[in-house]
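Q: This is the structure I have questions about; it appears just below.
What follows is calculated from the coordinates using simple rules that are stated; it is not laboratory data. Worth saying up front: this structure is predicted, and the values here are computed from it rather than measured. For neighbour counting, all protein chains shown are included, and Cβ atoms are generated from backbone atoms with ideal geometry for every residue, glycine included.
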Amino acid sequence: MRPACRRPPREAGLQGERTSLAWTRTALAVLVNGALALRTGLAGHAPLVTGAGVLLVLAAGGVAVAGRRRSAALLREHDAGSTPRLVAGVFAAALLCTVTATAVVAFA
């Protein structure tokens, strides 16, 4: 008869640190793309591209806030499996803004 397998307790390790860095990189990438779209829109007098840039800059702020909250939750709970709805919603909104802005810039 085999003994019952027990899962060892989770160690905090560097998971929270890696998560924080990933969210920060994502926010920075969205911010840079937003800044470039703003610059392109303002230089070319394209209000649609400028609007997409503003959306991307706002999305970058949302991603940064969501990342901070997620990192704090990981450090507090040591549980990577539970994704709060707010974080998932902000990620989905940032992704939607990025895809929309990319389409606007590509077809403008």
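Q: Give the calculated FRET efficiency between Val65 and Thr102 to the nearest 0.05, with a Förster radius of 25 Å applied to their Cβ-Cβ distance.
A: Once the sixth-power term is evaluated, E becomes 0.65.
Q: Quick one: Kirkwood hydrodynamic radius for the stretch 15-107, alpha-carbon pairs, angstrom, one decimal?
A: After inverting the pairwise mean of 1/r, the radius is 13.6 Å.
Q: Quick one: check the C-alpha center-to-center distance for the stretch 19-44 versus the stretch 48-65, whole angstrom.
A: Using only Cα atoms to place each centre, the spacing works out to 8 Å.
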